[in-house]
Amino acid sequence: MNRPRILIADDTPASLTLLSHVLEPQGYEILAVSSGKDALKLAERARPDLILLDVMMPGHDGFHVCRTLKAEEATRDIPVIFITSRQETESVLNGFRMGAVDYIVKPFQAEEVVTRVATHLKISGLTRELQQRNAELEAEVARRVEAERTRDKATQRLSSLASREAQRWGLDGFVGGSPHMQRILADIERLRNFAKTSVLITGESGTGKELVARALHHHSPRAEAAFIPVNCVAVPADLLESLFFGHVKGAFTGATADRKGYFELADGGTLFLDEIGDMPAALQAKLLRVLEDGEVTPVGSTKSHHVDVRVLSATNADLSAKILSGEFRQDLYYRLARYTVETAPLRERREDLPLLAGHFLKVFAAEMGMAAPALDETALKLLQHHSFPGNVRELKNAMERALILSGGKTVRREHLQLFDMAANPAASAVKAAPARVSSESVPMNLEAAEHTLIQRALEQTGGNVTEAARLLNVNRSRIYRRMPGVKQA
């Protein structure tokens, strides 16, 4: 297997030597030049996987080199990371407009260089993979089929990623000794041998409803079969029947082959319906029929197929209110809620905070190859007094950030960045977003994916643009360009 090739262009010999010594032990092939002119020639000939480019060089400076690289088809897709001094940081904004993906400030830290290079190589590789897959799609496939295939790939990837996380944590993911947590563990154990019973999981966003669903699946006789997660909000109305029940070739324009729906894909296993309270009315009636007779009929077919699927569902909505308003079918509720598991918000089980915070620090420290740091009393006191509107998900995010800010040392109060959405006027731009973003609706289009990631970062940081930019390792101006609704500070 060929080693990733990195081109370093810097007119300072010391920088070239230091960067080479930092990156070569990571398994990269290093190409080094001391001028912009040589960088252009070598980039075209050697086609490196990534370029580290000094801004200030005699002759062709970094801006000229980057602009030229992006203008040529042969080098357009090579990610460029600028190397600059702190005094030049503002000028790097021009570099981003020319197509650079990141910048590293001199004097740089070895760990930062290694991390950023690895991150952008991975992003570049995934981008090439995505472009290659898109190129392989047949030209005559209609927009509807293309959307289906792309969505299927995203669902499979997200399902695989979530499964690995659930398997890594198992029931250890339910950290805490509170009475509520013990009830959830007891429910999971109680339902172990009731593999056909439908379960409704209720609770606020970020309280671990999908983790409960995956635990119910993995600790049941269905564990070896598929777990198919579906976000009911993200299902397009014109593809409802096709996605859930499948279709046969010729059922509609663009249906060039038979396709299995979610129920058939989950046959023998578990179908997890997230945000069930927002399921379209048209699908509610069809779902009820399948739950009652266990038969699915693909679109365009007259033949039904029997499926053995356990349905788990989750919601953060008040279904009783939706039933009274006519938004949700009462008979469907009774089919889905044969057994109910409730997840509590973090503010109602504060006794679990020390264990959860320590658990997340341990997990993230292990991922970063360091020892888990302690959490001092000042930090713990701040956590205990925070409302945690984002629940466990917010705490998890805060602990990862704190570990980074503390440098692996004891986490103190100043390392915790907790945000109150209600007290932050900048959050209004996030609250006004037209669509709620979820793990099931990650777009495969790169521009849309970037917009989605920025929106998530703003949600996690309470609308704080500076913190969101730090979280994403981008400049604030990039967020302002992608999110016009966010006011500049």
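The values are calculated or read from the model by the stated rules, or taken from the named source; none is laboratory data. Just so it is clear, the model here is predicted, and its values are computed rather than measured. All Cβ positions, even for glycine, are placed from backbone atoms using ideal geometry, and neighbour counts span all protein chains on display.
Using the structure shown, decide if residue 246 is touching a Phe, Trp or Tyr at 6+ places or on another chain (Cβ under 7 Å) and either surrounded by fewer than 16 Cβ atoms within 10 Å (Cβ to Cβ) or modelled with pLDDT under 90 (or both).
Judged against the criteria, residue 246 is not a match.
Considering (1) over 26 Å from the mean Cα position of the chain (by Cα); (2) over 26 Å from residue 189 (Cα atoms), say which one residue 232 fails and leave the rest.
Every condition holds for residue 232 apart from (1).
Among the residues of the range 176-194, how many are at pLDDT 90 or above, buried (at least 17 other Cβ atoms within 10 Å of the Cβ) and assigned to a loop (DSSP other than H, G, I, E, B)?
Going through the range 176-194 one residue at a time, the tally reaches 1.
Looking only at the range 258-291, filter to residues that are in contact (Cβ under 8 Å) with a residue 40 or more places away in the chain, assigned to a helix (DSSP H, G or I) and within 12 Å of residue 308 (Cα to Cα); which one of those is nearest to the chain's Cα centre (by Cα)?
Ranking the candidates gives 263 first.
Mind listing just one residue for me: the one in the range 65-81 that is exposed (fewer than 15 other Cβ atoms within 10 Å of the Cβ) and hydrophobic (A, V, I, L, M, F, W, C) and, of those, farthest from residue 101 (Cα to Cα)?
74
If we only count helices (runs of 4 or more DSSP H) wholly inside the range 310-414, which ones have 2 or more residues that are surrounded by 18 or more Cβ atoms within 10 Å (Cβ to Cβ) and within 25 Å of the chain's Cα centre (by Cα)?
In the range 310-414, 353-367, 391-406 are the helices (runs of 4 or more DSSP H) which contain 2 or more residues that are surrounded by 18 or more Cβ atoms within 10 Å (Cβ to Cβ) and within 25 Å of the chain's Cα centre (by Cα).
Within the set of pairs 6 or more residues apart or between chains, which connect a residue that is in contact (Cβ under 8 Å) with a residue 60 or more places away in the chain inside the range 1-18 to a residue that is of a type in the set (Ser, Thr, Tyr) with Cβ atoms less than 9 Å apart?
Hits for this filter: 4/28; 6/28; 10/34.
Across the range 381-404, what is the number of residues that are acidic (Asp, Glu) and farther than 17 Å from residue 367 by Cβ?
Qualifying residue count, the range 381-404: 1.
Go through the residues of the range 217-234 one by one and say whether even a single one is more than 21 Å from residue 261 (Cα to Cα), assigned by TED's automatic domain parsing to the domain that holds residue 332, surrounded by fewer than 22 Cβ atoms within 10 Å (Cβ to Cβ) and touching a residue at least 60 places away in the same chain (Cβ under 8 Å).
yes
For residue 323, are the conditions met, namely being assigned by TED's automatic domain parsing to the domain that holds residue 196, of a type in the set (Val, Ile, Thr), at pLDDT 90 or above and over 23 Å from residue 195 (Cβ atoms)?
When the stated conditions are applied, residue 323 passes them.
Within the range 292-309, how many residues turn out to be in a loop (DSSP other than H, G, I, E, B) and modelled with pLDDT of 90 or more?
Final tally of qualifying residues: 3.
Mind checking whether some residue in the range 52-64 is crowded, with 16+ Cβ neighbours inside 10 Å and closer than 19 Å to residue 123 by Cα?
Looking through the range 52-64, at least one residue is crowded, with 16+ Cβ neighbours inside 10 Å and closer than 19 Å to residue 123 by Cα.
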